[in-house]
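None of the figures in this text is laboratory data; all of them are computed from the coordinates on show. Being a predicted model, the structure only gives us computed values, none of them experimental. Cβ: placed from backbone, ideal geometry, glycine included. Neighbour counts: every protein chain shown.
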Amino acid sequence: MHLIIDGFGGSVEKMWDREIVRDFLFEYPNSLGMTRITEPNVLEYNGPHEEDAGVSGFVIIAESHISIHTFPGRQYVNIDIFSCKSFDDQAALEDARRLFDLTEVKTWVLDRGLEWLDSRQGLMETQNQRSLLEAGHSASRGG
């Protein structure tokens with residue numbers, strides 16, 4: 001499942017705030033029942049065109065990834081939540097809306113993972129991958 005959000009309006013200050021983006025990417029996978037496997041990578045971009053400047057962040061999760069790109073000069077943000085595990089896209093949309101105080105959103109939900117025969121098979125594969133990751137993490141910590 002892939003939730004794509006184009007958000008408009010909202011708080012320019014929040015769109016510039018790298019910590020807001022980082023905290024969301026760090027905490028949000030867990031609230032979706034997903035497994036964050038990297039630290040969030042968050043960068044500020046200030047290029048030759050002021051309207052292209054903003055903050056971009058990305059986190060890899062066992063189920064795929066979450067990314068955020070803000071464009072404060074345009075009062076625009078795009079957010080992708082891509083997962084081979086189903087999640088409540090309407091709740092995620094509302095969380096994103098609140099994160100940046102967005103006044104308008106356009107969204108798309110794409111079904112992904114069509115190579116699996118059914119959702120049960122996809123869920124079993126995701127759970128298996130999560131178990132392997134968690135076992136490897138425990139072993140690397142000496143646990």
Jot down the radius of gyration and Dmax of the chain, Cα atoms only, both in angstrom.
16.4, 50
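Could you give the length gained on full extension between W16 and N46, defined as 0.36 nm per residue of separation minus the Cα-Cα distance, in nm?
Answer, rounded to one decimal: 9.7 nm.
First measure r as the distance between the Cβ atoms of N128 and D88, then evaluate 1/(1 + (r/R0)^6) with R0 = 30 Å and state the FRET efficiency to the nearest 0.05.
0.85
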Enumerate the helices in the chain for which the Kyte-Doolittle hydropathy averages -1.0 or more and the C-alpha atoms extend at least 27 Å along the helix's axis, using complete DSSP H runs.
119-140
